[in-house]
Structures are given as structure tokens and as C-alpha cells.
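The values are calculated or read from the model by the stated rules, or taken from the named source; none is laboratory data. Since we're looking at a predicted model, the values are computed, not measured. Cβ: placed from backbone, ideal geometry, glycine included. Neighbour counts: every protein chain shown. Side chains are part of the model used for accessible areas, which takes the heavy atoms of the whole protein and leaves out ligands, DNA and RNA. Shrake-Rupley method; radii C 1.70, N 1.55, O 1.52, S 1.80 Å.
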Amino acid sequence: MTFGEQPAYLRVAGDLRKKIVDGSLPPHTRLPSQARIREEYGVSDTVALEARKVLMAEGLVEGRSGSGTYVRERPVPRRVHRSGYRPTGGATPFRQEQADAEARGTWESRSEQVEASVVIAERLGIQPGDRVMRTKYVFREAGETMMLSTSWEPLAVTGRTPVMLPEEGPLGGMGVVERMRAIDVIVDNVTEEVGARPGLAEELLALGGVPGHVVLVVQRTYYASGRAVETADVVIPADRYQVSYHLPVR
């Protein structure tokens with residue numbers, strides 16, 4: 001193979017991808033069989049199979065048991081708005097994660113005390129094994145699961161206070177900023193880092209994805225005077241949503 005030349009399976013996948021994108025292979029159309037790909041492109045069975053695997057990993061096609069492989073319906077990406085919106089009455093968890101004044105949604109949550117892993121301890125600036133409150137959220141919009149979130153708060157900050165449980169007590173269901181303010185912890189900074197990775201099996205099951213689908217992960221941490229008081233991973237299906245930031249000019 002000469003420098004810059006693509007492997008055969010990528011060239012085949014690229015041509016099939018182009019046909020899917022331009023509508024030559026519309027949604028719900030059966031993808032050419034492995035034998036047809038082999039004959040049309042003059043490649044081996046192995047190359048044909050690998051090309052189909054690429055399209056499946058990209059979420060462009062899906063296998064149907066006993067029927068074949070079909071072009072998937074391509075959803076129009078919707079936006080998840082981040083930052084820049086702070087309602088005067090405080091932010092619910094849904095509005096905290098989808099910072100859009102027009103957004104309406106519901107959520108479910110479950111909290112439990114756990115020991116901080118090495119990774120979470122580093123993010124919170126505590127020792128591995130220190131106790132944290134872990135809360136897992138499922139966010140829905142119009143009945144569709146759109147986001148997952150797992151947050152960790154050090155019990156050295158919230159333990160034995162009215163806000164120890166994020167979804168219970170007088171400020172249950174409010175955002176991190178409002179809850180921390182109630183115990184005289186003033187949040188003055190927040191960082192967010194956005195990355196992408198293949199979704200975990202349990203994430204894709206909850207989000208309605210298929211194995212190989214990519215998710216966006218927003219790693220967010222709230223700080224008060226340089227001390228991390230909450231960190232969270234927000235998981236969003238990349239094929240259905242775009243993350244949009246609206247940041248004030250200072």
C-alpha cells in the first residue's frame with residue numbers, strides 16, 4: 001500500500017457511506033449483501049465484512065436478526081445548551097444540565113454513599129477511599145431519555161448537613177450552587193471538559209443506542225475558593241444531540 005492510500009475496507013465503507021448520506025441508500029433500505037459488496041467492489045469477503053462493521057460502528061446501519069443489515073433513520077441532532085443561564089429562582093437538576101430557559105424535562109435519581117475511586121478522588125482533591133455521595137440521574141425530554149449524569153460530592157463538605165442528599169431535604173432538587181450556598185459554601189467557578197468515547201453497554205441500554213455508538217461526556221466540576229465541591233460526568237448520545245455553549249463576554 002502506498003503512502004496515503006486507504007485500506008480497501010475503508011474505501012468500500014467510504015463509498016457506501018457517501019450513498020447513505022446523499023440518499024442513494026435511503027433509511028430502511030437493505031444494505032447490499034456481503035456477496036454483493038464483494039462482487040461490486042472486487043474485494044474479499046473479509047474486506048466486505050470489515051466495511052460493514054465500520055458502517056455499523058458509525059451508527060449508519062443496523063443489523064436485524066434473520067433479515068440483514070439496514071440503513072438507519074438519521075435523527076436531526078438537537079442541542080443540549082450548556083452554561084450562561086442561571087434562573088433567578090435557582091436551577092433544578094434538569095435545568096442545570098440543560099441550561100436553556102425553554103427546556104422542559106423530568107429526571108429520576110438515586111443517591112448512595114460510596115468510597116471515592118482514585119479518579120474521582122483526584123478530581124475532588126481528596127484521598128482515595130474518602131466517603132462521597134454519589135447520585136445517578138436519568139434525564140428525559142418528551143419521554144425520551146436524553147442524558148445520564150453521575151455526580152460525586154465529598155461528605156467532608158456536605159455530610160451531616162441539610163443538603164447531604166441532593167434530592168431530599170429543604171433544597172432537594174435544586175442545583176449545586178443553591179444547595180452549597182445554604183451551608184455557606186459559595187461556588188465561584190465551574191469547569192467543563194468535553195470528550196467522546198464509545199458508550200458503555202449500560203449507558204447505551206438506558207439511552208436507546210446500539211453497541212458501538214459514541215457518546216459525548218461532559219466532565220464538570222464546581223469549585224468554592226479553589227476547593228472542588230462537586231464533580232460529575234454527563235453522558236449524551238452523540239448521534240442525537242450537539243452540545244452548545246453560550247458564554248458571556250467579560
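Values computed for the structure shown
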| item | result |
| --- | --- |
| Choice from 42, 125, 208 with maximal GNM fluctuation in the chain (Cα, 10 Å cutoff) | 42 |
| Zone residues, the range 219-247, relative to residue 183, backbone N less than 20 Å from point 7 Å out along Cα-to-Cβ | 220-233 |
| Evaluated over the range 193-232, the Cα radius of gyration and Dmax, each in Å | 13.7, 42 |
| Separation in nanometres of the label points that stand 7 Å from Cα toward Cβ, at residue 67 and residue 24 | 2.5 nm |
| Helix axis angle, 8-21 relative to the chain longest principal axis, alpha carbon, degrees | 70 degrees |
| 11 Å beta-carbon shell around residue 155, net charge (K/R +1, D/E -1) | 0 |
| Net charge of neighbours whose Cβ lies under 15 Å from the Cβ of residue 227, counting Lys and Arg as +1 and Asp and Glu as -1 | -4 |
| log₁₀ of I(q)/I(0) at q = 0.08, 0.09, 0.11, 0.15 Å⁻¹ - the chain, Debye sum with one point per alpha carbon | -0.43, -0.52, -0.70, -1.02 |
| Positive minus negative residues near residue 166 (Lys, Arg vs Asp, Glu; Cβ under 13 Å) | -4 |
| Distance (nanometres) between label positions extended 7 Å along Cα→Cβ at residue 202 and residue 122 | 2.2 nm |
| Accessible area of the chain divided out per residue, in Å², using a probe of 1.4 angstrom | 55 Å² |
| Approximate shape of the range 121-227 as ellipsoid semi-axes (Cα gyration tensor, √5λ), whole Å, largest first | 28, 17, 13 |
| Diffusion coefficient, µm² s⁻¹, Stokes-Einstein with Kirkwood Rh over alpha-carbon pairs of the range 8-71 at 25 °C and 0.890 mPa s | 214 µm²/s |
| Helix 45-57 vs. the chain, principal-axis angle (Cα, 0 to 90°, nearest 10) | 30 degrees |
| Accessible-area composition of the chain, carbon plus sulfur, in percent [1.4 Å probe] | 52 percent |
